[in-house]
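The values are calculated or read from the model by the stated rules, or taken from the named source; none is laboratory data. Everything numeric here is computed off the predicted structure, so don't read it as measured data. Neighbour counts are summed over all protein chains in view; Cβ atoms, including those assigned to glycine, are modelled from backbone coordinates with ideal geometry.
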Amino acid sequence: MGRRPSTPRGQGIADPSRGIKVLADAVLVAHATYVAFVVVGLAAIWIGAWREWAWVRGFWFRIAHLAAIAFVAVEALIGMACPLTILEDWLRLNAQSHGGFIERWLQRALYWDFPAWVFTAAYVGFTGVVALTFILFPPRRRKSRFG
């Protein structure tokens, strides 16, 4: 049996920066999930309204969907940076992480290099489309089983 190859100091299993990098990756995945919820959610609502899927008219789903994009639009309007982006950047800086393939791919999909006003206009416009969808295909509350 051969000897186990040694790892450079600070790069072993107990390396704290490894745990921080995992947290940064988890924040990136959470961020991508949030974006997917907003974008795919709108498409699902429109398709579901056409196909008469009851779940796309669920009151709490629709409130959460509208609130998710409204939060992003308000952030942009007041000039606030996204808390998930700030947290991920902070974690990566502390982990001294340059990222792997999946991380780089997700970051390219999420982070674009345009002036801030472009994003603000896009977020506010998308919020307007979600709000219009809320009016055109209003959510429905479930009827109580007791009354």
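Key figures for this structure:
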read-out: Members of the stretch 102-147 that are at pLDDT 90 or above and of a type in the set (Gly, Ala, Ser); value: ALA121, ALA122, GLY125, GLY128, ALA131
read-out: Condition check for VAL38: modelled with pLDDT of 95 or more, within 19 Å of PRO139 (Cα to Cα) and buried (at least 18 other Cβ atoms within 10 Å of the Cβ); value: yes
read-out: Scope the stretch 36-77; condition over 19 Å from ALA122 (Cα atoms) and among the charged types (D, E, K, R); matching residues; value: ARG51, GLU52, ARG57, ARG62
read-out: Residues that are in a helix (DSSP H, G or I), surrounded by 12 or more Cβ atoms within 10 Å (Cβ to Cβ) and out of contact with any strand residue (DSSP E or B) (no Cβ under 7 Å at 6 or more places or on another chain), drawn from the stretch 54-67; value: VAL56, PHE61, ARG62, ILE63, ALA64, HIS65, LEU66
read-out: Residue selected from the stretch 68-98 under the condition in a loop (DSSP other than H, G, I, E, B) and over 18 Å from VAL35 (Cβ atoms), by the criterion modelled with the highest pLDDT; value: GLY79
read-out: The stretch 83-95 residues that are closer than 13 Å to TYR111 by Cβ and touching a residue at least 24 places away in the same chain (Cβ under 8 Å), paired with ones that are in a helix (DSSP H, G or I) and hydroxyl-bearing (Ser, Thr, Tyr) (beta carbon under 8 Å, 6 or more apart); value: LEU84/TYR34
